[in-house]
Amino acid sequence: MYKTGADGAALAKDLRAQVAGITKPEIVVCPTFTSLSPVAQALGGSNIQLGAQNVHWEKEGAFTGEISAAMLKELCVSYVVIGHSERRQFFGETNEGVNKRTKAALAAGLRPIVCVGEMLAQREAGQTSHVVSDQVMAGLAGLSKDDMVSTVIAYEPVWAIGTGKTATPAQAQEVHKLIRDILERMFGAEVAGKVRIQYGGSVKADNAKELLSQPDIDGALVGGASLKAGDFAAIVKATL
């Protein structure tokens, strides 16, 4: 929950200039709902795609405060974050809700970025594998293989978000491999190999290269470092 529409557009223009010409990695920004329209205008024709931070599973109805996939599509949104740790932690989002939102996004032609991850107490209790497995299997239940190929997974160790702590590359890789193995059991090896699994947890320019060099880490879900164009651009360039 940062940046007004004007602030968001200015940040998008600055980022656009700093990453011009970069085609890989794919770059997506996910501003607040009120910034989507001005940011879309600022990014028009660029190499940066637009994402939203949430979506409801119904097409319309009495769901005050929610936003539908059709509303997002109208604003040139291509991606949508679903089940972010803050949505789960502060707003009671469940695996069932994540599953419904994911299916609604896919049905509308949006690419979901489905977030999973454990709290600090769960990691310390040795429950990481159980928690993440439950979130992945429940969140993706009922998806087709084609659906899965269009879906991105983001692993967020909640204890490493906004704390300055970062999972070591080995810790992150271990959970990413777990997720890849679950996808293989659910959808087959070919699909599992195609799915992009991102790491999100205090990603910065100085740790991005080492994290992204891990075999099962395919990208980054960037939080605080995305609020300054120079910091975000440095992460993008570190992946090159």
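The values are calculated or read from the model by the stated rules, or taken from the named source; none is laboratory data. What you see is a predicted model, and the numbers here were worked out from it, not measured in a lab. As a convention, Cβ positions derive from the backbone with ideal geometry for all residues, glycine included, and neighbour counts pool all protein chains shown. SASA here: full protein model, heavy atoms, side chains in, ligands and nucleic acids out. Shrake-Rupley method; radii C 1.70, N 1.55, O 1.52, S 1.80 Å.
For the reader, a short list of remarks on this structure follows.
- When the stretch 33-91 is filtered for residues that are open to solvent by 50 Å² or more (accessible area, probe 1.4 Å) and part of a strand (DSSP E or B), only GLN49 remains.
- Looking at LYS24, LYS3, just one residue is surrounded by fewer than 19 Cβ atoms within 10 Å (Cβ to Cβ), under 18 Å from VAL222 (Cβ atoms) and modelled with pLDDT under 95, and that residue is LYS24.
- Meets criteria (under 16 Å from LEU15 (Cβ atoms) and modelled with pLDDT of 95 or more) for ALA233: yes
- Single residue of the stretch 185-208 satisfying the filter (open to solvent by 60 Å² or more (accessible area, probe 1.4 Å) and not in a helix (DSSP H, G or I)) that is modelled with the highest pLDDT: ARG196
- Given (1) open to solvent by less than 50 Å² (accessible area, probe 1.4 Å); (2) in contact with a helix residue (DSSP H, G or I) (Cβ under 6 Å, 6 or more places away or on another chain), number of the condition LEU120 does not satisfy: (1)
- The stretch 151-201 - residue that is touching an Asp or Glu at 6+ places or on another chain (Cβ under 6 Å) and aliphatic (A, V, I, L, M) and, of those, farthest from GLN135 (Cα to Cα): ALA192
- Residues in the stretch 209-222 that are touching a residue at least 60 places away in the same chain (Cβ under 8 Å) and part of a strand (DSSP E or B): GLY219 alone.
- For the stretch 223-240, the set of residues classified as of a type in the set (A, V, I, L, M, F, W, C), open to solvent by 30 Å² or more (accessible area, probe 1.4 Å) and either assigned to a loop (DSSP other than H, G, I, E, B) or more than 12 Å from VAL19 (Cα to Cα) (or both) consists of LEU227, LEU240, listed by residue number.
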